[in-house]
1. At residue 135 and residue 150, where each label point lies 7 Å from the Cα along Cα→Cβ, what is the point-to-point distance in nanometres?
2. Between residue 366 and residue 302, what is 0.36 nm times their sequence separation minus the Cα-Cα distance? Round to one decimal in nm.
3. For residue 180 and residue 521, what does the FRET efficiency come to when R0 = 56 Å and r is the distance between their Cβ atoms, rounded to the nearest 0.05?
4. Under 14 Å from a label point 7 Å along Cα→Cβ of residue 4: give me every residue in segment 62-78 with its amide N that close.
5. Run the simple label-point estimate for residue 227 and residue 292 please: 7 Å along Cα→C-beta, distance reported in nm.
6. From Cα pairs below 8 angstrom and at least 6 apart in sequence, can you work out the relative contact order of segment 69-187, rounded to a whole percent?
7. Which three semi-axes in whole Å describe the equivalent ellipsoid of segment 389-546, each the square root of 5 times a Cα gyration tensor eigenvalue, listed largest first?
8. What net charge is computed for the residues neighbouring residue 217, neighbours being all others with C-beta under 12 Å from the C-beta of residue 217, Lys and Arg scored +1, Asp and Glu -1?
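Computed from the coordinates by the stated procedures, all read-outs in this text should not be read as laboratory data. The model shown is predicted, which means the values in this text are computed figures rather than measured ones. Virtual Cβ from ideal backbone geometry, glycine too; neighbours counted across all protein chains shown.
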Amino acid sequence: MDRELHDIADRMWEDLLAASPILGTFVGDDRYDDRLPDLGEDGRAADRDLARRAVTSLAALPREGWDDGDLVLADIVDAIAARIDARLDHRVDRLEVGNHMGGPATTLGEIASVQQADTPERLDRYEARLRAFPTYLAQAAEIVRESVATGVVAPEVVVRRTVAQLERLLETDPGASPALMPLHDDADAVARIDAALREDVYPAHERFLGVLRNELLPVATTTIGLADLPDGDGIYRAEIIGWTSLALEPEEIHRLGNERFDALMEERREVAADLGYASAAEAIAAHTASGANTAPSREALLAMVEQQVARCWDIAPGWFGTLPRANCAVRLVEPFREADEPFAFYNPPTEDGSRPGVYYVNAYDLDDRALHHVASVTYHEANPGHHFQIALEQEMTDRPLLRRFGAGIAAGAFAEGWGLYAERLADEMGLYLDGWERMGMLENQAHRAARLITDTGIHALGWTRQRAIAKLEEGGQTHTDSVIEVDRYIGMPAQALCYMIGMIEIVEARAKATADGLALQDFHDRVLAQGQLPLPSFRRIFGTAS
């Protein structure tokens with residue numbers, strides 16, 4: 001272990017928490033729970049300083065004698081710094097400020113779902129954070145105005161979703177606001193937070209809604225791709241590297257997506273034939289018409305998912321030598337945000353275990369939610385997917401905090417690649433109960449291949465929104481999910497590329513490792529023991545293609 005390197009990583013982690021206080025809340029470090037990010041010029045300058053300070057310090061260190069752990073840590077520091085610099089260079093915040101996927105309009109719901117207010121000190125910090133919304137959203141409004149002035153504006157479809165989010169939030173009486181979720185039936189606490197909502201939070205959101213409606217929406221683009229914006233090609237290439245950690249050409253990604261999609265469609269046809277149907281579309285239509293492919297209630301969906309999580313937890317010891325200390329919890333996505341969220345997602349546990357890892361499943365528009373897709377999503381997001389991967393990483397207490405909690409900033413393709421690999425692994429583990437669930441797995445795999453096609457199509461090749469939606473539907477996704485997903489790709493360029501690109505790397509490493517005599521259980525343990533890391537680091541460790 002190189003002590004100077006670890007000091008650099010520790011300093012970077014502390015700087016990241018100060019600059020991104022909500023990150024601290026997510027991992028259970030509540031020191032900055034009284035504040036929101038600084039979206040203004042000073043905040044951007046601080047981000048630039050932390051990135052350059054880390055890179056300069058790292059460049060001064062001799063690397064002779066470093067082990068794999070030190071090399072990975074240095075790669076993570078470099079990758080995080082490069083991502084911060086690239087996003088500042090291209091002022092990606094001007095596109096994100098009106099975004100329904102992680103933009104300022106989503107912040108209240110995000111913090112309410114993870115922040116704790118169960119002690120007097122934590123309640124004080126929570127109230128202070130809520131009182132900070134007027135400044136935070138005023139800074140966001142200024143970025144909107146910069147966006148309008150420069151012509152780097154979000155697409156109309158994204159802004160309309162954000163406006164609708166804010167309208168739903170403001171239509172909710174403060175007494176029923178999601179901001180009350182961290183409270184525990186304490187009348188005095190409820191009164192304090194209710195006052196903060198009425199005096200500061202709601203008025204600030206109302207003003208920000210007015211800016212989006214009156215200043216951004218009238219000039220929002222009717223086109224949807226980055227290629228149609230000033231410096232759009234440069235932004236997209238930077239986002240490809242930032243999300244995948246690889247410098248890939250959009251055309252190369254598009255070709256790979258088509259190859260994978262076609263192969264998965266053939267597998268899907270074979271499963272349909274085994275079920276007694278001439279085509280996959282005919283099979284799913286019959287299954288849906290029977291009523292067996294639709295959850296009768298939100299509660300029934302939740303119960304189904306809970307059973308899947310428990311079943312995998314019981315089977316996993318035959319496939320993994322090391323499991324997380326605790327299983328994850330399962331919750332429904334809250335009604336106030338379910339219309340714009342994907343079907344499922346995972347929030348990691350806190351370091352001290354006071355908040356478990358949580359697998360969220362979305363019960364919005366149940367009539368158009370295909371039950372045969374649910375199992376593979378569960379195995380991706382919960383066990384043996386993200387919960388195994390992230391919870392185990394957080395339990396590696398001998399590693400620097402940056403590697404345990406911050407590596408995901410630079411390792412999106414590894415994380416999502418593992419989740420997608422876990423969907424396929426679940427088939428080997430015997431977790432799919434019938435051909436319908438296997439069909440759902442293949443459709444979700446095809447969905448990730450289609451993401452390579454549609455994301456590059458939207459942002460580099462001039463695709464329309466309807467063409468992208470149709471491509472996802474061709475792969476077996478419902479119309480509701482396809483619309484939500486495509487609007488996500490429009491608002492989060494290149495993020496959707498992580499899944500299939502990362503899985504391909506893991507599958508190649510598995511083939512090499514098992515050919516060299518490594519048992520599959522040992523391979524899984526070795527992969528998860530690395531934690532999240534950039535793909536070039538993964539290739540170096542496993543000796544795969546470069």
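1. 2.4
2. Details: separation 64, 0.36 × 64 = 23.04 nm, distance 1.18 nm.
Here the segment from residue 366 to residue 302 would lengthen by 21.9 nm.
3. On the way: r = 45 Å, r/R0 = 0.80.
That gives a FRET efficiency of 0.80.
4. Residues 62-66 fall inside that zone.
5. Taking the two extended label points, one gets 4.4 nm.
6. Working: 77 pairs, mean separation 46.7, N = 119.
For segment 69-187, the relative contact order is 39 percent.
7. Numbers: eigenvalues 168, 79, 42 Å².
They are 29, 20, 14 Å, listed from largest to smallest.
8. On the way: positive: 160, 161, 213; negative: 156, 215.
My count for the surroundings of residue 217 gives +1.
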